Amino acid sequence: MGNFGGSLAIGSAAELRDLLKATGFVGVEDTDVPAEGWQVSEFADADERSLPGLVEKAGAPAVMVSFLDSDVGFVEAVTPDGTAWTGLLNRGMAESYDIPLEDFPVDTAVEGALAWSAAAGLTSEAEVVRQALTGSATCAEELYGLLLVGLGIPGARSAA
(Lines give C-alpha, C1' and ligand atoms only; values in the text may rest on other atoms or scores of the structure.)
Protein backbone atom coordinates (compact mmCIF):
# COMPACT_ATOMS: atom_id res chain seq x y z
CA MET A 1 0.00 0.00 0.00
CA GLY A 2 1.33 3.42 -0.94
CA ASN A 3 0.24 6.99 -0.84
CA PHE A 4 -0.01 9.19 -3.90
CA GLY A 5 -0.30 12.54 -2.14
CA GLY A 6 -3.32 14.72 -2.25
CA SER A 7 -5.10 17.80 -3.44
CA LEU A 8 -6.62 20.80 -1.74
CA ALA A 9 -8.86 23.73 -2.54
CA ILE A 10 -8.68 26.96 -0.54
CA GLY A 11 -10.74 30.13 -0.75
CA SER A 12 -7.83 32.54 -0.73
CA ALA A 13 -6.03 34.68 -3.29
CA ALA A 14 -2.83 34.71 -1.17
CA GLU A 15 0.41 33.23 -2.50
CA LEU A 16 -0.27 29.59 -1.74
CA ARG A 17 3.04 27.80 -2.33
CA ASP A 18 4.85 29.43 0.61
CA LEU A 19 1.83 29.04 2.92
CA LEU A 20 1.62 25.33 2.08
CA LYS A 21 5.30 24.76 2.78
CA ALA A 22 5.12 26.76 6.03
CA THR A 23 2.29 24.57 7.31
CA GLY A 24 3.87 21.18 6.61
CA PHE A 25 2.79 20.35 3.08
CA VAL A 26 5.64 18.81 1.06
CA GLY A 27 6.10 18.20 -2.64
CA VAL A 28 3.81 21.12 -3.48
CA GLU A 29 3.03 21.45 -7.17
CA ASP A 30 1.86 24.48 -9.11
CA THR A 31 -1.38 26.09 -8.06
CA ASP A 32 -4.41 26.44 -10.31
CA VAL A 33 -6.95 29.24 -9.83
CA PRO A 34 -10.25 27.86 -11.14
CA ALA A 35 -12.46 30.83 -10.21
CA GLU A 36 -13.37 33.60 -7.78
CA GLY A 37 -10.24 33.49 -5.61
CA TRP A 38 -10.32 29.76 -4.98
CA GLN A 39 -7.06 27.95 -5.58
CA VAL A 40 -6.31 24.28 -6.08
CA SER A 41 -2.94 22.65 -5.44
CA GLU A 42 -1.50 19.15 -5.43
CA PHE A 43 0.95 17.94 -2.79
CA ALA A 44 2.98 14.83 -2.04
CA ASP A 45 2.36 14.66 1.71
CA ALA A 46 1.01 16.54 4.72
CA ASP A 47 0.74 15.87 8.43
CA GLU A 48 -2.38 15.97 10.61
CA ARG A 49 -1.86 19.65 11.55
CA SER A 50 -1.15 20.88 8.00
CA LEU A 51 -4.72 21.72 6.97
CA PRO A 52 -5.79 23.41 10.23
CA GLY A 53 -2.49 25.35 10.20
CA LEU A 54 -3.05 26.46 6.62
CA VAL A 55 -6.61 27.60 7.35
CA GLU A 56 -5.40 29.53 10.40
CA LYS A 57 -2.52 31.24 8.56
CA ALA A 58 -4.55 32.03 5.43
CA GLY A 59 -7.74 32.90 7.31
CA ALA A 60 -9.64 31.04 4.61
CA PRO A 61 -11.71 27.85 4.30
CA ALA A 62 -10.05 24.79 2.76
CA VAL A 63 -10.87 21.21 1.86
CA MET A 64 -8.30 18.55 1.09
CA VAL A 65 -8.10 14.90 0.19
CA SER A 66 -5.23 12.52 0.85
CA PHE A 67 -5.16 9.62 -1.58
CA LEU A 68 -4.28 6.03 -0.79
CA ASP A 69 -2.97 4.37 -3.96
CA SER A 70 -5.35 6.65 -5.91
CA ASP A 71 -8.05 4.16 -4.86
CA VAL A 72 -9.35 5.78 -1.67
CA GLY A 73 -9.58 9.41 -0.57
CA PHE A 74 -9.59 10.69 3.01
CA VAL A 75 -11.31 14.09 3.03
CA GLU A 76 -10.79 16.80 5.63
CA ALA A 77 -12.24 20.33 5.58
CA VAL A 78 -11.93 23.29 7.95
CA THR A 79 -13.11 26.92 8.02
CA PRO A 80 -11.49 29.74 10.02
CA ASP A 81 -14.41 29.65 12.49
CA GLY A 82 -13.66 25.98 13.22
CA THR A 83 -16.41 24.33 11.19
CA ALA A 84 -14.84 21.01 10.21
CA TRP A 85 -15.72 17.60 8.84
CA THR A 86 -14.09 14.45 7.52
CA GLY A 87 -15.18 11.91 4.96
CA LEU A 88 -14.16 8.97 2.83
CA LEU A 89 -14.21 8.62 -0.94
CA ASN A 90 -14.59 5.33 -2.81
CA ARG A 91 -16.05 3.27 0.03
CA GLY A 92 -16.02 -0.01 -1.93
CA MET A 93 -12.28 0.24 -2.46
CA ALA A 94 -11.80 1.36 1.13
CA GLU A 95 -13.46 -1.84 2.28
CA SER A 96 -10.99 -3.88 0.23
CA TYR A 97 -8.19 -2.12 2.18
CA ASP A 98 -9.91 -3.12 5.44
CA ILE A 99 -10.61 0.50 6.29
CA PRO A 100 -13.46 0.49 8.85
CA LEU A 101 -16.35 2.19 7.06
CA GLU A 102 -18.15 2.75 10.37
CA ASP A 103 -15.45 5.32 11.18
CA PHE A 104 -16.77 7.40 8.26
CA PRO A 105 -20.58 7.60 8.54
CA VAL A 106 -22.06 9.04 5.37
CA ASP A 107 -24.89 11.03 6.96
CA THR A 108 -22.51 12.69 9.41
CA ALA A 109 -20.12 13.56 6.58
CA VAL A 110 -22.89 14.99 4.39
CA GLU A 111 -24.21 17.13 7.28
CA GLY A 112 -20.68 18.32 8.05
CA ALA A 113 -19.98 19.08 4.38
CA LEU A 114 -23.13 21.16 4.04
CA ALA A 115 -22.34 23.09 7.24
CA TRP A 116 -18.75 23.63 6.06
CA SER A 117 -19.95 24.88 2.67
CA ALA A 118 -22.35 27.36 4.29
CA ALA A 119 -19.65 28.57 6.70
CA ALA A 120 -17.32 29.03 3.70
CA GLY A 121 -19.96 31.22 2.02
CA LEU A 122 -20.71 28.65 -0.68
CA THR A 123 -23.91 27.11 -1.98
CA SER A 124 -23.78 23.32 -1.78
CA GLU A 125 -25.83 20.60 -3.43
CA ALA A 126 -26.62 17.89 -0.87
CA GLU A 127 -27.36 15.16 -3.40
CA VAL A 128 -24.10 15.76 -5.28
CA VAL A 129 -22.15 15.68 -2.01
CA ARG A 130 -23.89 12.42 -1.05
CA GLN A 131 -23.18 10.97 -4.50
CA ALA A 132 -19.47 11.79 -4.13
CA LEU A 133 -19.32 10.24 -0.65
CA THR A 134 -21.18 7.06 -1.61
CA GLY A 135 -20.12 6.67 -5.23
CA SER A 136 -17.67 4.29 -6.78
CA ALA A 137 -14.99 5.18 -9.32
CA THR A 138 -11.83 3.79 -10.84
CA CYS A 139 -9.86 6.60 -9.18
CA ALA A 140 -10.82 8.50 -6.03
CA GLU A 141 -9.77 11.72 -7.82
CA GLU A 142 -12.96 11.48 -9.89
CA LEU A 143 -15.08 11.48 -6.75
CA TYR A 144 -13.08 14.36 -5.29
CA GLY A 145 -13.90 16.47 -8.34
CA LEU A 146 -17.58 15.62 -7.87
CA LEU A 147 -17.32 16.51 -4.17
CA LEU A 148 -15.87 19.93 -4.96
CA VAL A 149 -18.77 20.58 -7.34
CA GLY A 150 -21.23 19.50 -4.63
CA LEU A 151 -19.59 21.75 -2.06
CA GLY A 152 -20.04 24.71 -4.42
CA ILE A 153 -16.34 25.42 -4.97
CA PRO A 154 -16.26 28.05 -7.77
CA GLY A 155 -14.86 26.67 -11.01
CA ALA A 156 -14.84 23.06 -9.81
CA ARG A 157 -15.42 20.45 -12.49
CA SER A 158 -16.33 16.82 -12.16
CA ALA A 159 -14.95 13.99 -14.25
CA ALA A 160 -17.82 11.75 -13.11
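Quick one: Debye curve from the alpha-carbon atoms of region 67-129 only, equal weights, vacuum; give me log10 I(q)/I(0) at q = 0.28, 0.29 Å⁻¹ to two decimals. Relative scattering, expressed as log10 I(q)/I(0), comes to -1.16, -1.20.
Summing charges over neighbours of residue 153, with a neighbour being any other residue whose Cβ is under 14 Å away from its Cβ, gives -2 when K and R count +1 and D and E count -1. Taking only protein heavy atoms and a 1.4 Å probe, the accessible area of region 62-160 is 50% carbon and sulfur.
Rg then Dmax, both in Å and based on the Cα atoms of region 13-160: 14.3, 39.
I want the local charge near residue 141. Using Cβ-Cβ distances under 11 Å, sum +1 for each Lys or Arg and -1 for each Asp or Glu among the other residues. Summing Lys/Arg as +1 and Asp/Glu as -1 gives -3. Of the complete DSSP H runs in the chain, those spanning 15 angstrom or more by Cα along the long axis with a mean Kyte-Doolittle score not below -1.0 are 106-119, 140-151. With the convex hull drawn over the C-alpha atoms of region 12-53, the volume per residue is 63 Å³.
Phi angles of region 70-78 translate, via the Karplus equation with coefficients 6.51, -1.76, 1.60 and θ = phi - 60°, into HN-Hα couplings of 6, 8, 10, x, 9, 9, 9, 9, 9 Hz per residue; Gly and Pro are given as x. Near the amide H of residue 153, within less than 5 Å, lie no amide hydrogens of residues on another chain or at least 5 residues away, with H placed in the peptide plane. Per residue, the accessible area of the chain comes to 46 Å², computed with a 1.4 Å probe over protein heavy atoms only. Quick one: Debye curve from the C-alpha atoms of region 1-89, no solvent, what's log10 I(q)/I(0) at q = 0.11, 0.13, 0.14 Å⁻¹? Evaluating at q = 0.11, 0.13, 0.14 Å⁻¹ gives log10 I(q)/I(0) of -0.26, -0.36, -0.42.
The values are calculated or read from the model by the stated rules, or taken from the named source; none is laboratory data. None of these values were measured; they are calculated from a predicted model. Neighbour counts run over all protein chains shown; Cβ positions are idealised from the backbone, glycine included. The accessibility values were calculated without ligands, DNA or RNA, using every heavy atom of the protein model including side chains. Shrake-Rupley method; radii C 1.70, N 1.55, O 1.52, S 1.80 Å.
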